[in-house]
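The structure appears below as structure tokens.
Any read-out appearing in this document is the output of simple, stated calculations on the displayed coordinates, not a laboratory observation. Everything numeric here is computed off the predicted structure, so don't read it as measured data.
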């Protein structure tokens, strides 16, 4: 890419991406569809949780007078009067001194009962029990409101919904919740040389990897993806882009944003009135990346013109596309860097910040031996990117370095 203007620094490019990220509107989703979404509003308890005191064991419910009596006389006998199990209504059930009630795990604690003795700690003959261990008030009783009180916040807005969050929302009695509406992303893949996986290669062709890698990355962040493939035809590219921008809130392109004779994406974006926020960033791989906007405010479409080389695609999508998506979901899109020990020396020419695929294990980074932007295999074992500073030409083995862990999931 021959640049006629200074390349933007990564820091400036990231700042511009985040400045233009508007939080998406919320949508109400049923509980069974919440997984993987981001809560758009807090979940506030409308009743205590648990809503009543319950037994933590299968055993016998005792009243306080009998606890005191057993403490004085361990041979005291109690009469078993009735039973209660999970789901029973305790309203008309009361236990009086001298009696015990058979109780099961999860059953509501009846009036009068102050402790539960496990069944293995009681000897039963007919309807009489004797307790073989000391029992204290509150033993094996789960108090009502132990976890949440009415009005407590169970999950904050901005919480990523995991299976545990789904369960907690259900326990609070909510059948649905407000979630931030994810983007519907359009993905335009260009290149006459691309052949779908599963089909035989013709002379001069390669299998398409970018559309599958991009789609997998976007879907791991909860984004719905529509894929359109065109060759290097300018008119077809423009038509496909126009249709995607009319129906999607976010568009990614792969290839065609540099300055070659067959790089037709950027001219098409210009004709479609996409405002270029930046084109060209001083990073490696991924220098030709473009970021633009079409439309205004919440009715606009953001466009990321990713390079064509597969490592460039995945790196730029992670370091610039992912922060945008997270910010639009109300999450913190700023990348979080860790410090590790570099296990092998790295060299480069100064002038661009380089993201070097590596494997991080036990606080040590093992950089990929190959660093070509076309060598997708470098990402197979990589779980992080080493940040090789822009003006540095060497990072020594054994030195501390910053890394960006490549976790695509929402966090």
**Asked** Of 53, 133, 327, which has the largest mean-square fluctuation in a 10 Å C-alpha GNM of the chain?
**Response** 133
**Prompt:** Taking N as the number of residues in the range 54-142, what is its Cα Rg relative to 2.2 N^0.38 Å?
**Reply:** 0.94
**Message:** Angle check, please: helix 234-247 long axis (alpha carbons) against the longest principal axis of the chain (alpha carbons), in degrees 0 to 90, nearest 10.
**Reply:** 30
**Request:** Take every Cα pair under 8 Å in the chain that's 6+ residues apart, average their separations, divide by the length, and report that relative contact order as a whole percent.
**Result:** 17
**Tilt relative to the chain, helix 10-19 - C-alpha long axis, 0 to 90 degrees, to 10** = 60
**Request:** Convert 4 °C to kelvin, take the viscosity as 1.567 mPa s, use the Kirkwood radius over C-alpha pairs of the range 337-405 as Rh, and evaluate the Stokes-Einstein diffusion coefficient in µm²/s, rounded to a whole number.
**Result:** 110
**Request:** Work out, step by step, the length gained on full extension between residue 167 and residue 125: first 0.36 nm times the residue separation, then minus their alpha carbon distance; give nm to one decimal.
**Result:** 11.0 nm
**Request:** Round to a whole angstrom and tell me the spacing of the C-alpha centers of the range 328-383 and the range 163-199.
**Result:** 26
**Message:** With a cut-off of 8 Å between alpha carbons and a minimum separation of six or more residues, what is the relative contact order of the range 208-359 in percent?
**Reply:** 20
**Request:** Go ahead and estimate [θ] at 222 nm for the chain from helices alone: -39,500 (n - 2.57) per DSSP H run with n ≥ 4, summed, over the residue count, rounded to 500.
**Result:** -5000 deg cm²/dmol
**Prompt:** Taking the Cα atoms only, what angle lies between the long axis of helix 210-220 and the longest principal axis of the chain, rounded to 10 degrees?
**Reply:** 30
